[in-house]
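The next block holds one structure in the form of structure tokens; read it before the comments.
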Amino acid sequence: MIGPHSCFAALPEEYLFTQTAAAIREEERRPGRHVCRLGVGDAAYPLGKTVVRAMREAAEEMGRADGFRGYPPEGGYLFLREALARFYSDRGIDMSPEDIFVGDGAKSDGADLLALTDAAEVLLQTPGYPVYADAAALYGRRVVLLPGAPENGFCPPPPEKEHPGALIVLVSPGNPCGTAYSRAALTAWVAYARSCGACLLFDSSYFAFVRPGGVHSIYEIPGARTCAVEVGSFSKFAGFTGLRLSYLVMPEGVRLGERPLRERWARRQACRFNGVSYITQRAGEAALTPAGQREWRHVLRYYQGNAALLRRTLSAQGVPFFGGEDSPYLFAACPAGMSSWDCFHALLSQAGVAVTPGAGFGRGGEGYVRLSALARVETVREAALRLSVFFASR
Ligand code: PLP
């Protein structure tokens, strides 16, 4: 009989969102129960017309002898890599299509990158997106926790100790706390990574929520092109959670040993990945056109309106919270003496509002719950009423 690999055995028994989904489903089975779901950060607004038209045309093309395409290039079609490079240069960042790899999700891209280096240590924000901690466990890496706390706005600074050759994962704006690193703080991180020969993996999945003047890409920080890789996702800004499209940016200056990291990534993708469908890549290209951008920016404003309503609701009840300005997430303090899992269950059973317990995101998340504004406005309005009643009675 074979058993699980010892690294796999080191994983927590269940993935956080599998655990919460089971409790939410059970609550919804109660007669007459309607749960307002503010738990998972999934898109709730349909795709824009420009994206849908591009997919329809691409599907038609695939049905014609002169338009059919088989396996896509593992690194992505040039048309999408060029569109992404333009998207960067429109924001003042010089990027070439060779710097960009197309993937099927920031979750897999980000996690798989952990397997590529010989970094024995992985530095991770806590609380933080659980996928990176799970991936570090899966690949047998030692995790060094970077503690987020109210005092540092849940954006931990570089540690005093040097961690030579480590992989540092920074998610900004962060999940679950919803706060974004400042330019000064990221400048300190880039300096730290360069001084100890570490590599930064910057997860910018929520960049589009950052207010003007904030940092939208790590390459806005001088020196990042030699020490940082950026992973981006179409999921949150363009609503592609069901389509699956992401990109990894690896400038030539980021090296793994003597060779550019991107050469190794290309080799890895060649044997582990067969690319993203033509139809999805055309959809991504369409999302980056002026018309496509107008459509998703309209949706962003819709989610930002939801976040503002949740902020007002918590403020009115005197609930301390973080986030909701540069992010669709709010990290709200639980009523005194209540653990985050107790608060999750109480909100679910008493108020019919699904959130995510902060403790599920690691140490430092205890005492908080995460609320997501990626929901229909009707749901958020109803949830706001219920949250007001819940917190007023504490
Ligand atoms: N990175 C972060 C920080 C996330 O919060 C999420 C999803 O919630 C992802 C990556 C996953 O993105 P994708 O849908 O592209 O896999």
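The values are calculated or read from the model by the stated rules, or taken from the named source; none is laboratory data. None of these values were measured; they are calculated from a predicted model. Every residue, glycine as well, gets a Cβ built from its backbone with ideal geometry; the counts of neighbours run over all protein chains shown. SASA here: full protein model, heavy atoms, side chains in, ligands and nucleic acids out. Shrake-Rupley method; radii C 1.70, N 1.55, O 1.52, S 1.80 Å.
Restricting to DSSP loop positions (anything but H, G, I, E, B) with no more than 15 other Cβ atoms inside 10 Å of their own Cβ, which trypsin sites (Lys or Arg not before Pro) remain in region 53-97?
Values: sites: 53, 56, 64, 69, 81, 86, 91; in loops: 64, 69, 91.
Listed in order of number, the matching sites are 64, 69, 91.
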Check which residues have an amide H placed less than 5 Å from residue 277's amide H, if you skip close sequence neighbours. none
With each label point set 7 Å from Cα along the Cα-Cβ vector, what nm distance links residue 270 and residue 162? 3.5 nm
Check residue 168: other-chain or 5+ apart residues with amide H under 5 Å from its amide H, H built from backbone geometry? 123, 199, 200, 201
Nearest-10 value in Å² for the accessible area of residue 18, using the 1.4 Å probe: 70 Å²
Residues whose placed amide H lies under 5 Å from that of residue 179, excluding near-sequence neighbours: 174
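Of 161, 107, 49, 236, which has the most accessible area with a 1.4 Å probe, and how do the rest follow in descending order? Each step should come with its number before you reach the end.
Details: 161 125, 107 95, 49 155, 236 40 Å².
I get 49, 161, 107, 236, largest accessible area first.
Sorted by average packing, counted as other Cβ atoms within 10 angstrom per residue and highest first, what order do 99-106, 336-343 take?
Details: 99-106: 23.5, 336-343: 15.6.
Highest to lowest by the protection proxy: 99-106, 336-343.
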Cross-link reach from residue 236 to lysines, straight Cα distance under 24 Å and at least 8 residues apart if same chain, gives 49, 107
Please report the antiparallel percentage of DSSP beta bridges with both residues in the chain, rounded to the nearest 5. 50 percent
What's the ranking of 176-189, 3-16, 359-372 by average number of surrounding C-beta atoms within 10 Å, highest first? 359-372, 176-189, 3-16
Extension gain (nm, one decimal) between residue 142 and residue 89, 0.36 nm per residue minus Cα-Cα: 15.4 nm
DSSP beta bridges in region 286-378, what fraction antiparallel, as a percent rounded to 5? 100 percent
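Counting helices only, and only those DSSP H runs with n ≥ 4, report the 222 nm mean residue ellipticity of the chain as the sum of -39,500 (n - 2.57) divided by its residues, in deg cm²/dmol to the nearest 500.
Details: 13 runs with 150 residues, N = 394.
My calculation for the chain gives -11500 deg cm²/dmol from helical runs alone.
Mind giving me the FRET efficiency for residue 21 and residue 258? R0 is 41 Å, r the Cβ-Cβ distance, nearest 0.05 is fine. Please list the in-between numbers first.
Details: r = 46 Å, r/R0 = 1.11.
Once the sixth-power term is evaluated, E becomes 0.35.
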Residue-span extension gain [residue 79 to residue 289] - 0.36 nm each, minus C-alpha spacing: 74.4 nm
